[in-house]
Amino acid sequence: QVQLVESGGGLVQPGESLRLSCAPSGTFASIRDMGWYRQTPGKGRELAATITSGGSTGYADSVKGRFTISRDNAKNTVYLQMNNLKPEDTAVYYCNVNARAWGVPRTRDYWGQGTQVTVSS
């Protein structure tokens, strides 16, 4: 059973940056889309950024221009570079990987445990 391990969250002041990382504890047979979601009590869970296996990216309007999603296919790792952070970026961030595990015919979504990002002065 592969698990996704997240790191990089923390407490920062407005305008500062963080870089989140997410990598599986094991290996997948194949990986398709990867992404980052964030969840707050007020907004629920929303998609912040996504990246396809080919490297095409998409962003929520609220983060576009400030966040950059990337992936290292050799390491099966997805990153979220968050610049110019704002208080409204405060949330629990969850990585998501659509992948196929060894020995199974279908892909499914795997989720990280979540990492807290707090932006406050």
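The values are calculated or read from the model by the stated rules, or taken from the named source; none is laboratory data. Bear in mind the structure is a predicted one, so any value in this text is a computation, not a measurement. Positions of Cβ are backbone-derived with ideal geometry, glycine not excepted, and every protein chain shown enters the neighbour counts. SASA here: full protein model, heavy atoms, side chains in, ligands and nucleic acids out. Shrake-Rupley method; radii C 1.70, N 1.55, O 1.52, S 1.80 Å.
When the Cα convex hull of the chain is projected onto planes of every orientation, the mean area is 7.2 nm². Provide the net charge surrounding D109, with neighbours chosen by a C-beta distance below 12 Å and charges set as Lys +1, Arg +1, Asp -1, Glu -1. Summing Lys/Arg as +1 and Asp/Glu as -1 gives +3. For V5 and R45, what does the FRET efficiency come to when R0 = 22 Å and r is the distance between their Cβ atoms, rounded to the nearest 0.05? Calculated transfer efficiency: 0.70. Within the accessible surface of the chain, defined with a 1.4 Å probe on protein heavy atoms only, the carbon and sulfur portion equals 45 percent. For the pair Q13 and T52, label points projected 7 Å from Cα toward Cβ lie 4.2 nm apart. Pop the C-beta distance of D72 and R108 into the FRET formula with R0 = 22 Å and round what comes out to the nearest 0.05. Approximately 0.55, to the nearest 0.05.
Taking amide H atoms as placed 1.01 Å from N in the peptide plane, the amide H of T77 lies under 5 Å from those of D72, each 5 or more residues away in sequence or on another chain.
Residue ranges 91-98, 12-19, 47-54 sort as 91-98, 47-54, 12-19 when ordered by packing (mean number of other C-beta atoms within 10 Å per residue, highest first). Counting Lys and Arg as +1 and Asp and Glu as -1 over every other residue whose Cβ lies under 10 Å from the Cβ of S53, the net charge comes to +1.
Between A29 and S62, the contour length at 0.36 nm per residue exceeds the Cα-Cα span by 8.5 nm. Calculated on C-alpha atoms, the gyration radius of segment 1-54 divided by its Kirkwood radius gives an Rg/Rh of 1.02. Summing Lys and Arg as +1 and Asp and Glu as -1 over all other residues whose Cβ lies under 10 Å from the Cβ of N83 gives a net charge of +1. A 1.4 Å probe run over the chain, with the rest of the protein chains in place, finds 53 Å² accessible per residue.
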